[in-house]
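Worksheet: the structure to be examined is printed underneath.
Rule-based calculations on the coordinates, nothing more; no lab input. Everything numeric in this text was worked out from a predicted model, so none of it was measured. In this analysis, Cβ positions are derived from the backbone assuming ideal geometry, glycine residues included, and neighbour counts consider all displayed protein chains.
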Amino acid sequence: MDEADFGAFKGGYELSNGQVLVLKRVGTRMYAEVGEMGLHQIVAVSPNTFVALDQKLKVRIDIDRRGDVGGELLMVVPGSSVAGGAPEQLLRVAFR
């Protein structure tokens, strides 16, 4: 995805769990970060869907004609972040 196309998606998105998803570009690479969980290098797999190269997250961003944003984030959450010290879990979070 070129810089102009990615420009429509760069920035911060408030998630339904209170965290913020940030998409940014550093040089020619695209990154996603949720809260303080660290950067994940991402690639576009469709015009509005990105996946992390480390396979820890997938994000779909829907922007309608009025500029309203929706979407979904799927992310692997480390066991230490999950109540009870459970192993890694897949977390699905909607955009606000």
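Some notes on this structure:
- Which of Tyr13, Tyr31 has the fewest Cβ neighbours within 10 Å, and the rest in rising order: Tyr31, Tyr13
- Estimated inter-spin distance, Ser16 and Asp64, nm [label 7 Å along Cα→Cβ]: 1.6 nm
- Candidate aspartates and glutamates - alpha carbon under 20 Å from Lys56, same-chain residues fewer than 8 apart omitted: Glu14, Glu33, Glu36, Glu72, Glu88
- Estimated [θ] at 222 nm from DSSP helical runs (n ≥ 4, -39500 (n - 2.57)) normalised by residues in the chain, nearest 500: -1000 deg cm²/dmol
- Residue exposure sequence - Lys58, Lys24, Lys10 - by fewest surrounding Cβ within 10 Å: Lys10, Lys24, Lys58
- Working note: Debye formula, equal point scatterers on the alpha-carbon atoms of segment 26-81, no solvent; log10 I(q)/I(0) at q = 0.17, 0.21 Å⁻¹ is -0.60, -0.85.
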